[in-house]
Amino acid sequence: MSDDLELRLLRNATAYARCIDDGRLEEWPGFFTEHCVYRVTTAENYARGYEAGVIWANSRAMLVDRVAALREANIFEPQTYRHLLGMPTVLDAQDDRVHSETPFFVARITGGLRTDLFATGRYVDVHVITPSELKVDERVVVCDSSAFDTLVALPL
Amino acid sequence: MSDDLELRLLRNATAYARCIDDGRLEEWPGFFTEHCVYRVTTAENYARGYEAGVIWANSRAMLVDRVAALREANIFEPQTYRHLLGMPTVLDAQDDRVHSETPFFVARITGGLRTDLFATGRYVDVHVITPSELKVDERVVVCDSSAFDTLVALPL
Amino acid sequence: MSDDLELRLLRNATAYARCIDDGRLEEWPGFFTEHCVYRVTTAENYARGYEAGVIWANSRAMLVDRVAALREANIFEPQTYRHLLGMPTVLDAQDDRVHSETPFFVARITGGLRTDLFATGRYVDVHVITPSELKVDERVVVCDSSAFDTLVALPL
């Protein structure tokens, strides 16, 4: 039961990561609810309760806009990501809302050549889960390091 | 059901990685079918449909030969790997043939000292799966970076 | 059955890693039995059968002392870890004692800024498992590299 929930969350997070790593960015907003919150922040700011983030959106439409902007801008050096995810921890589950946390490593491959460990951290999530659906209603991407590349471009 | 399949694939990939990371290379070909295909290539070449690879084999016997050559050559600097695998995604399952994809990170430890993130990518696999058996019939190791060390020696 | 065991071990190891990565060090000894063994060693020394380790404890009380010392000393540069774990492999299970092995990557974030791949390796474990309890009775942290930072401070 709890097992099933963790595995469902892991499968969903795996599909999410695969979507980004494959470069299918247009599919990325589809993992979220319409009125979702998506934030990228640092462990330090998260611990202090700061609401701001390096990236911030409060609707799926904003995520769609972000992808469009990324596609148009296209000024940054070609890069791809590779996510690796840990096992989700279910923190709270009430009705159809599930709070969880999932650790991640993201490697970045720049210019098809150089590989570096770009970011580590955890997703602090609220999912809306029904038997037929599983959507991210809130995802706070809490990065362990505060040293953000000015070129944070692809979603995490 | 699908869960079980993913977990079976993950368990098998974990045993595969452990075999390499433990240095038990002679056991490595045993994970494959007799007429297997094993290739190591780059994301760029894979996307272009190139069949060639940094490493290429179309039978288990060739994998056995490769291990023998590695043991005899022994000219490269001592190195070990540490694989970490993500959750497999089942892409297609018909009869006893299962198509899947599994992300990986591989760290390399050189001379027992220096650790670097050697390769990231994904296994694009076809497994032959029966209740009693699970073998790799095709494994394309798609590395995200094109910067291959000339010393790619251990299997990935 | 075996699945359940592996998933239980993974869930426990995930909670263990999360405890360290969150900085809740006082909770860390609670993952162990009273008369536990905890060692951090290198692959080279482990292969040679050396019992010594960079860190060594043979009771939970020693782990409690270690945490207290860490909190008091506080002389090292601020750092946090991020663990990522692979799937556990059950090597042997008799009565309530389960032998297993779990691969890990640990990233270290120093001063909240610099991220490096600090350690890779595997936990070689004996757990005491009952329906209601799962505790580490022996954990040998076998690090792939012998290049230990003199500042190994946080538990692995």
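The values are calculated or read from the model by the stated rules, or taken from the named source; none is laboratory data. The model shown is predicted, which means the values in this text are computed figures rather than measured ones. A quick note on method: Cβ atoms are made from the backbone with ideal geometry, for glycine too, and the neighbour counts reach across all protein chains shown. Ligands, DNA and RNA are excluded from the accessible area calculation, which covers all protein heavy atoms including side chains. Shrake-Rupley method; radii C 1.70, N 1.55, O 1.52, S 1.80 Å.
Tell me the total accessible area that B and C bury against each other, 1.4 angstrom probe, in square angstrom rounded to 100.
Roughly 1700 Å².
How high is the relative contact order of chain B, in percent, with contacts defined as C-alpha pairs under 8 Å that are six or more residues apart?
Numbers: 285 pairs, mean separation 39.2, N = 156.
Relative contact order here is 25 percent.
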How far, in nm to one decimal, is C:A47 from itself in the other copies if the label point is set 7 angstrom along Cα toward Cβ? Shortest first, please. 3.8, 3.8
As a test question: what accessible area, to the nearest 10 Å², does B:E27 have when a 1.4 Å probe is rolled over all protein chains in place? 100 Å²
Just the number please: accessible area per residue for the range C:7-76, 1.4 Å probe, all protein chains included, in Å². 51 Å²
In the neighbourhood of B:F31 defined by beta carbon distances under 14 Å, the net charge of the other residues (Lys, Arg +1; Asp, Glu -1) is -1
For B:H83, C:H99, B:H35, write out the residues from largest to smallest accessible area, computed with a 1.4 angstrom probe and no ligands counted. B:H35, C:H99, B:H83
Within a Gaussian network of chain A (alpha carbon springs, distance under 10 Å), most fluctuating of A:V54, A:V141, A:V40: A:V54
Give the share of C-alpha pairs in each 10 angstrom bin for the range A:65-156, from 0 to the last occupied bin, in whole percents, shortest bins first. 14, 38, 32, 14, 2
Sulfur and carbon atoms: percent of accessible area, the range A:1-69 [1.4 Å]: 55 percent
Mind grabbing the accessible area of B:V128 for me, 1.4 Å probe, Å², rounded to tens? 30 Å²
Heavy-atom accessible area of B:S100, protein chains in place, probe 1.4 angstrom, given in Å² to nearest 10, is 0 Å²
Dipole check, chain C, charges on Cβ (K,R +1; D,E -1), about Cα centroid: among C:A93, C:C36, C:V142 the Cα furthest to the positive pole belongs to C:V142
Ignoring trypsin sites (Lys or Arg not before Pro) that are buried or in helix or strand per DSSP, and keeping those with at most 14 other beta carbon atoms within 10 Å, what is the longest stretch of chain B between them? B:49-156
Taking 7 Å along the Cα-to-C-beta vector as the label spot, tell me the A:T33-C:L70 distance in nanometres, rounded to one decimal. 3.7 nm
Determine, from the Cβ-Cβ distance of C:W56 and A:R24 and an R0 of 60 Å, the FRET efficiency 1/(1 + (r/R0)^6), rounded to the nearest 0.05. 0.75
Within a Gaussian network of chain C (alpha carbon springs, distance under 10 Å), most fluctuating of C:L63, C:L85, C:L113: C:L113
Separation between Cα centres of the range C:86-156 and the range C:1-62, rounded to whole Å: 5 Å
Computed about the Cα centre, the charge dipole of chain B from +1 Lys/Arg and -1 Asp/Glu charges at the Cβ has a magnitude in debye, to the nearest 20, of 400 debye
0 to 90° range, to nearest 10: angle between helix B:2-21 axis and chain B longest Cα axis: 20 degrees
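Please get the size of the charge dipole for the protein assembly as shown, origin at its Cα centre, with Cβ charges of +1 on Lys and Arg and -1 on Asp and Glu, quoted in debye to the nearest 20.
940 debye
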Residue with peak Gaussian network fluctuation, chain C [Cα springs, cutoff 10 Å], from C:A43, C:A13, C:A119: C:A43
Starting from the Cα of C:R97, step 7 Å along the direction of its Cβ; do the same at C:A47; then give the gap between the two resulting points in nm. 2.7 nm
